[in-house]
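The values are calculated or read from the model by the stated rules, or taken from the named source; none is laboratory data. Remember, it's a predicted structure, so these values are computed and weren't measured experimentally. Here the Cβ is made from the backbone with ideal geometry for all residues, glycine too, and neighbour counts use every protein chain on show.
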Amino acid sequence: MDLAYELHDLVLTLDRWAEQRLRPHGLTYNRYAALVIVAEHPGITGRQLAGPLRVSEPGVSGIIRDLLEAGLIENTAPAGAGHVRHLRITARGAGLLKRCSRELGSSLDDNARAIGLDPQELARTIRALHDEVRTVQAPQPAQSEKPTSSSREAPTGRGHRDPPRTQPALRHRTHARPTHP
């Protein structure tokens, strides 16, 4: 059994299942994730939203347009802000987000419990693995090399040095990638 393949297949399965569950609500998974992020970060701009969604700025513009047209988010940018939108979830969007989160989130927890796993412990394990995978493995300098400013960083104890984080500063909880029961 190959861990990389199993995780890849699980994510694809979860995405397809979430898309099917969200479709009757008029959402795609990316629109749902955008609602989660906007709800947690009122005033976020489109440019800031693109990173955590892992889409381009033109791609996030389409998502924003659809959510604005549906009345799920609103633009609260002050006059004179130009083309920059400051986004905030509406009451309608918050209600839909709550219903969809409940529907999606509880199912995966139930699946984990059904096979004897604690959902919170599983989430912590997945987060730790995700953080490790995102960490760039920097080569160790040879004994004869003089330390450079970048090699003076404290080792992590895992055989590599921690690089600066390149991930978006926004943390969001979408934990809604469930599998069907």
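Which condition number does I126 fail, the rest of (1) at pLDDT below 90; (2) outside any loop (DSSP other than H, G, I, E, B); (3) under 28 Å from S56 (Cβ atoms) being met? Every listed condition holds for I126 apart from (1). Can you find, within the range 13-72, the residue that is surrounded by the fewest Cβ atoms within 10 Å (Cβ to Cβ) among those that are part of a helix (DSSP H, G or I) and among the β-branched types (V, I, T)? Ranking the qualifying residues of the range 13-72, first place goes to T13. Are any of the residues in the range 9-19 touching a residue at least 40 places away in the same chain (Cβ under 8 Å) and touching a Leu at 6+ places or on another chain (Cβ under 7 Å)? Scanning the range 9-19 turns up at least one residue that is touching a residue at least 40 places away in the same chain (Cβ under 8 Å) and touching a Leu at 6+ places or on another chain (Cβ under 7 Å).
Consider the range 73-91 and keep the residues that are assigned to a strand (DSSP E or B) and free of Cβ contacts under 8 Å to residues at least 40 places away in the same chain. The one that is farthest from D15 (Cα to Cα) is N75.
Selection within the range 15-65: residues that are under 17 Å from T76 (Cβ atoms) and among the basic types (K, R). The member of this set that is nearest to the chain's Cα centre (by Cα) is R47.
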